Structure formats: C-alpha cells, structure tokens
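Visitor: Handing you a structure now.
Only the coordinates and a few stated rules stand behind these numbers; no lab work does. Computed from a prediction, not measured in an experiment: that's the story for all the values here. A quick note on method: Cβ atoms are made from the backbone with ideal geometry, for glycine too, and the neighbour counts reach across all protein chains shown.
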Amino acid sequence: MVAAKARRSPAEERPRPVTATMWLPIGAKALATALTVISASIVAEALGPLWGAIVICVPVAAGPACVFLACGKGRNSSRRAG
C-alpha cells in the first residue's frame, strides 16, 4: 500500500512573494480610470457638462461592446484583423 502524500494546511504554506507583475494590471487599470476621469472633468469645464458626460460614457459603453464583438467573431478574428 502506498502512503498518501500529506497535505499542508493553509497555515503551513509559505506566502507567495508580491512581484511587480502582480501589480502591473491593477496599476494600469487605476491609471486608465484616473486619466478618463481627469479628461472628462477638463472637457466638462471647457465645453460644458454634455461633452464631459460623452467623454466619460464612451469608454464605459465601448468596453463591453468590444468584448461582445470579440466573443461573436471567434478566437482567431484578432489574428486575421492584423
């Protein structure tokens, strides 16, 4: 009979080190959000609240639309679009 490998409890596992690659996607999203909000406020001050709302809504509406289009076209569509 083969002995089963002992599993470590969560308390015995070593914590994973935090690396820069773990923080890069979070930092990129935070930077994109900050730039969008700042640009919308600058446009709203210069041109009025309608244009500020348009600037803030375009990324919100375009993101899901791009995901839906990518899902509908298939896996290799981005390679063919080249």
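Visitor: Normalising by the residue count of the stretch 24-81, find the relative contact order in percent from Cα pairs under 8 Å and 6+ residues apart.
Guide: Value for the stretch 24-81: 20 percent.
Visitor: Using a 7 Å offset from the Cα along the Cα-to-Cβ direction at both V18 and A46, what is the distance between the two label points in nm, to one decimal?
Guide: Between V18 and A46, the simple spin-label model gives 3.7 nm.
Visitor: A further question on this structure: Short version: ³J(HN,Hα) in whole Hz for each residue of the stretch 43-55, in order, from phi by Karplus 6.51 cos²θ - 1.76 cosθ + 1.60 (θ = phi - 60°), x for Gly and Pro, what are they?
Guide: 5, 5, 5, 7, 10, x, x, 4, 5, x, 5, 5, 4
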